[in-house]
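See below for the structure under consideration.
We did not get these values from a lab; they are worked out from the coordinates using the rules stated. Values in this document were obtained by computation on a predicted structure and should not be read as measured data. Counting neighbours? That spans all protein chains shown, and the Cβs are built from the backbone with ideal geometry, glycine included.
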Amino acid sequence: MSTIFADNFKNTSGGDPVNINEVKTDKITGKTTAGSIPVQGEGTATTNLQQGLAKSFIRWENLSTASVLNSFNHSSFADNGTGDNSITVTSAFLNVNYVHTGMAGGGNGNLAFIQQCESHVAATTTAARYQSGYANDALYDWGCLNVTLHGDLA
């Protein structure tokens, strides 16, 4: 294996002068630890590239027939009844402590909630169940539901 030492890379093939410092690659892997690439953040702070990426997202609607509108890293979606849906991710999480961030709404001015329902079905490394509804806990099928998942993949 060869090692290249350089302070700067410059695209000398011509083309777009705006993107002269653009480097194209098919894969980036940490040198010391394959799954850890530090990135300079704001000021002097650094963050880990892989830790900061969303590992999964899904957007669906439930008004007539539940359907997925957009998703990343999902293999299936299920409508379990009014305001009750399950998702399955393609690439498993390392453990069940991944973070669920969600929102639900339909433009009618009512307060909405979406929650990962541990009390009904505990999340696994590949699946989670969500309930959505009004602020008074009445389950409801919304026109727009979104969930993003963050955590380490297995």
Table column - 3J(HN,Hα) (Hz), segment 137-149, Karplus curve with 6.51, -1.76, 1.60, x for Gly and Pro:
6, 7, 5, 8, 8, 8, x, 8, 10, 9, 9, 10, 10
Taking θ as phi - 60°, what are the ³J(HN,Hα) couplings along segment 89-99 by the Karplus curve (6.51, -1.76, 1.60), each to the nearest whole Hz, with x for Gly and Pro?
8, 6, 9, 5, 7, 5, 8, 7, 8, 6, 9
How many nm separate the modelled label positions at residue 115 and residue 77, each set 7 Å beyond the Cα in the direction of the Cβ?
2.3 nm
Approximate spin-label separation residue 153-residue 69, in nm, with each point projected 7 Å along Cα-to-Cβ
2.5 nm
